[in-house]
Amino acid sequence: MSINDFIKVVVNEQNKNEKDFSKDDFYYMLKYLGIKKDKSLVNDIEKFYQDFLNSLNNSLVKFDERKLGSNENTTHYIGFYTDKKADYLEAYKVYFPTKYEYIISALKTIFLYLIRNNIMATVKFHVKSSNEGIVIRFYKKADVKPFIDYCNNNFILKDLLEPLNPFIAKIHGIGVVQDDNTLSSFNETLASMLFEYFGFLKQNGSFDLASGLDFLDYVMKRASIEENDVLRFNIRAVEHSIESILNKSNPLN
């Protein structure tokens with residue numbers, strides 16, 4: 001699905017059902033877009049991860065871990081070599097949208113890659129399916145391209161990865177964005193911008209103008225009037241991602 005396809009779907013839904021989508025509607029729509037909901041591997045993932053943590057406890061690897069939620073709604077976070085919060089101006093968020101059946105193998109590979117290369121990063125993953133797959137926050141931009149090149153050179157990514165939500169810029173199917181991850185994540189900012197944009201279109205009776213380019217123009221104007229530096233950074237990150245997609249350019253540039 002392209003950005004224009006997504007926008008058309010929303011316009012059609014609003015015209016047909018007179019339904020106004022909330023920020024949460026947009027957030028969860030994007031998170032599970034194109035994904036069959038699946039929680040069949042929850043126990044297997046939890047067992048693998050606990051065994052992995054046990055192995056780390058008997059090693060010299062510096063790590064920190066936490067979790068949110070419970071049962072199939074659990075989200076795990078594990079940071080390697082991270083003794084402080086990432087500088088959002090330097091850090092990059094990488095989405096590795098592995099198919100659910102391959103998530104354990106993908107986690108093994110990613111964990112070992114980060115450890116062997118002494119890379120400062122935080123890994124986030126859900127135990128049920130989502131199109132985010134595995135999310136890695138690299139503390140340094142310089143570490144992102146070597147990771148993507150490693151994945152592209154060692155795996156058949158087109159068979160391994162699910163499509164991401166259409167607003168996330170990609171390199172070889174792997175998503176690359178920025179956000180401050182405190183006031184708002186990339187997807188939270190994106191959901192807010194979509195909510196505002198469709199509200200603006202409705203107010204002005206201009207659904208017929210809705211498009212990826214028009215949304216980009218809205219985001220650019222919205223960023224220009226945002227007074228909070230961090231929120232403006234997050235909006236600019238959405239802007240840059242959309243520009244990279246529409247221009248077919250490298251999101252790391």
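The values are calculated or read from the model by the stated rules, or taken from the named source; none is laboratory data. In this text the structure is predicted, and so the values were computed from the model without any measurement. Cβ atoms come from the backbone with ideal geometry, glycine included; neighbour counts cover every protein chain shown. In case anyone asks, the SASA skips ligands and DNA or RNA and just uses the protein heavy atoms, side chains included. Shrake-Rupley method; radii C 1.70, N 1.55, O 1.52, S 1.80 Å.
Just a few scattered comments:
- Restricting attention to the stretch 1-24 and to residues that are part of a helix (DSSP H, G or I) and free of Cβ contacts under 8 Å to residues at least 24 places away in the same chain, the residue that is nearest to the chain's Cα centre (by Cα) turns out to be V9.
- Residue check, E65 open to solvent by 60 Å² or more (accessible area, probe 1.4 Å), within 18 Å of T182 (Cα to Cα) and assigned to a strand (DSSP E or B): yes
- Exactly one residue out of T98, T74, T122 is polar (S, T, N, Q), touching a residue at least 60 places away in the same chain (Cβ under 8 Å) and open to solvent by less than 50 Å² (accessible area, probe 1.4 Å): that is T98.
- Qualifying residue in the stretch 189-208 (condition: farther than 24 Å from N15 by Cβ, modelled with pLDDT of 95 or more, of a type outside the set (A, V, I, L, M, F, W, C) and surrounded by fewer than 18 Cβ atoms within 10 Å (Cβ to Cβ)): no
- Residue satisfying all of: in the stretch 49-62; outside any helix (DSSP H, G or I) and of a type in the set (A, V, I, L, M, F, W, C); most open to solvent (accessible area, probe 1.4 Å) among these: L60
- Every condition in (1) touching a residue at least 60 places away in the same chain (Cβ under 8 Å); (2) part of a helix (DSSP H, G or I); (3) out of contact with any helix residue (DSSP H, G or I) (no Cβ under 6 Å at 6 or more places or on another chain) holds for G175 except the one numbered (2).
- Evaluating V176 against the criteria (1) at pLDDT 95 or above; (2) in contact with a Cys (Cβ under 7 Å, 6 or more places away or on another chain) leaves one unmet condition, (2).
- Any hit, the stretch 232-243, residues being of a type in the set (F, W, Y), open to solvent by 70 Å² or more (accessible area, probe 1.4 Å) and part of a helix (DSSP H, G or I): no
- On the stretch given as the stretch 140-158, residues that are modelled with pLDDT of 90 or more and either among the acidic types (D, E) or open to solvent by less than 20 Å² (accessible area, probe 1.4 Å) (or both) total 6.
- Members of the stretch 41-59 found to be farther than 15 Å from L112 by Cβ and without any contact (Cβ under 8 Å) to a residue 40 or more places away in the chain, listed by number: N43, K47, Q50, N54, N57, N58
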